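Below is one structure, written out as structure tokens; comments come after it.
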Amino acid sequence: MAQTLRRAAALKAIWNALTKSGGPSLGKRLVSMPRMFWYSVTGRYDGLGRLVLITAATAYVASPIDLFPEIVLLLPGLIDDAVVVAWIAGAILSETERFLLWEQGRTVKPVRVVDGEVA
């Protein structure tokens with residue numbers, strides 16, 4: 001159940017990024033990734049766990065271990081890769097947007113002025 005929800009969230013993030021205007025551009029997302037990794041590793045940003053999962057999924061798809069399902073099962077092995085790659089893409093889009101919002105909130109602090117009288 002949880003895996004289905006995560007997969008649906010990843011696909012939704014991909015769909016939103018491709019169809020919705022107003023979000024961060026692909027260029028902004030790509031430029032923000034080194035900062036996101038650095039802030040995560042140094043503990044300033046809380047995305048380290050998610051970045052580790054994205055890195056592990058990328059390593060799985062790129063590793064020789066992943067060749068076994070393709071050799072034995074062919075189509076299900078390829079579908080497995082497609083699902084993992086879709087999740088990676090959605091997770092990167094989601095995490096970079098979350099990081100950019102965090103970074104914007106961290107650097108821009110709105111000033112609130114409350115009108116009132118001192119008694």
Worksheet item: Among Leu100, Leu51, Leu11, Leu93, which is the only one that is surrounded by fewer than 16 Cβ atoms within 10 Å (Cβ to Cβ) and either at pLDDT below 85 or touching a helix residue (DSSP H, G or I) at 6+ places or on another chain (Cβ under 9 Å) (or both)?
Response: Leu11
Worksheet item: Which residues, counting only those in segment 46-78, are of a type in the set (A, V, I, L, M, F, W, C) and over 22 Å from Ser94 (Cα atoms)?
Response: Ile65, Leu67, Phe68, Ile71, Val72, Leu73, Leu74, Leu75, Leu78
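The values are calculated or read from the model by the stated rules, or taken from the named source; none is laboratory data. Note that the coordinates shown come from a computational prediction; the quantities given were computed from them, not determined experimentally. Note that each Cβ is placed from the backbone with ideal geometry, even for glycine, and that neighbours are counted across all protein chains shown.
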